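Trainee: Pasting a structure below so you can have a look.
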Amino acid sequence: MPRLIGVDIPNEKRLEVALTYIYGVGSAQAALVCKTLDLDPDLKAKDLSDEALGAIAGYLERNLDVEGDLRRRNMQNINRLRDIACFRGLRHRRGLPVRGQRTKTNARTRKGPKKTVAGKKSVKAMK
């Protein structure tokens, strides 16, 4: 498996798809990298030469924030929002949706599995 910027990219995938395994590189950026470096996007990752791997790694490090740097910057931004206690920061702190989604139903990805409330049926029994 070729290794770029600390990430193993899959052998059998096309270069354009294999580059998307790097955090911060999407399909559009992968296509741009291939075009800029005059690499065939249909070439399998295992067929890349060492020079091509070096050129790709150099291009990504020079022109894009990828992997550790990008993850670190995202976490710093979220921590800044938490520290200034703005609305978005409070939502991050509580583990709730940040971008205005409803939480009465749905939001299970952010809130986690349902927490059953004990004794809820007994309220009807009291009537």
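The values are calculated or read from the model by the stated rules, or taken from the named source; none is laboratory data. Because the structure is a prediction, the values reported are computed rather than measured. Every residue, glycine among them, receives a Cβ derived from its backbone with ideal geometry; neighbour counts consider all protein chains shown. Heads up: the accessible areas ignore ligands, DNA and RNA and are worked out on the full protein's heavy atoms, side chains in. Shrake-Rupley method; radii C 1.70, N 1.55, O 1.52, S 1.80 Å.
Trainee: Assign unit charges at the C-beta atoms only (+1 for Lys and Arg, -1 for Asp and Glu), then state the dipole size of the chain relative to its Cα centre in Debye, rounded to the nearest 20. Intermediate values should be presented prior to the final figure.
Mentor: On the way: 28 positive and 14 negative charges, 511 e Å.
The dipole of the chain has a size of about 2460 debye.
Trainee: Scattering from the C-alpha atoms of the stretch 33-100 alone, worked out with Debye: what is log10 I(q)/I(0) at q = 0.12, 0.20, 0.24, 0.29 1/Å?
Mentor: Result of the Debye calculation: -0.54, -0.80, -1.02, -1.21.
Trainee: Can you compute log10 of I(q)/I(0) for the chain with the Debye formula, treating each Cα as one identical point scatterer, at q = 0.16, 0.19, 0.21 Å⁻¹?
Mentor: -0.86, -0.98, -1.07
Trainee: Okay, moving on. In percent, what relative contact order does the chain have, based on Cα pairs under 8 Å that are 6 or more apart in sequence? Show your work: numbers first, answer last.
Mentor: Working: 111 pairs, mean separation 21.6, N = 127.
Reported as a whole number, the value is 17 percent.
Trainee: For Leu4, enumerate residues with amide H under 5 Å from its amide H, sequence gap 5+ or separate chain, H modeled in the peptide plane.
Mentor: The list, which skips near neighbours in sequence, is Ile9.
Trainee: Could you report the accessible area of Arg110 in Å², rounded to 10, computed with a 1.4 Å probe on the protein chains as they sit in the structure?
Mentor: Near enough 110 Å² of accessible area.
Trainee: On to the next question. Rounded to the nearest 0.05, what FRET efficiency do Lys111 and Val17 give with R0 = 25 Å and r taken as the Cβ-Cβ distance? Could you check? Walk me through the intermediate numbers first.
Mentor: On the way: r = 33 Å, r/R0 = 1.34.
The pair Lys111/Val17 has a calculated efficiency of 0.15.
Trainee: Can you work out the Karplus-derived ³J(HN,Hα) for every residue in the stretch 77-84? Use 6.51 cos²θ - 1.76 cosθ + 1.60 with θ = phi - 60°, whole Hz, and x for glycine or proline.
Mentor: 5, 5, 5, 4, 4, 5, 5, 7
Trainee: Further, regarding this structure: May I ask you to give the solvent-accessible area per residue for the chain, in square angstrom, as obtained with a 1.4 angstrom probe? Provide the component values of the computation, followed by the final result.
Mentor: Working: 9260 Å² over 127 residues.
Result: 73 Å² of accessible area for each residue.
Trainee: Where the only charges are on Cβ atoms (+1 Lys, Arg; -1 Asp, Glu), what is the dipole of the stretch 26-95 about its Cα centre, to the nearest 20 debye?
Mentor: Values: 13 positive and 11 negative charges, 206 e Å.
It comes to approximately 1000 debye.
Trainee: Work out the charge dipole of the chain with +1 on the Cβ of Lys and Arg and -1 on the Cβ of Asp and Glu about the Cα centre, then indicate which of Thr20, Asn106, Leu43 is farthest towards its positive end.
Mentor: Asn106
Trainee: Turning to a different aspect of this structure: Starting from one equal scatterer on each C-alpha and no solvent at all, send me the Debye-based log10 I(q)/I(0) for the stretch 1-62 at q = 0.19 Å⁻¹, two decimals.
Mentor: -0.57
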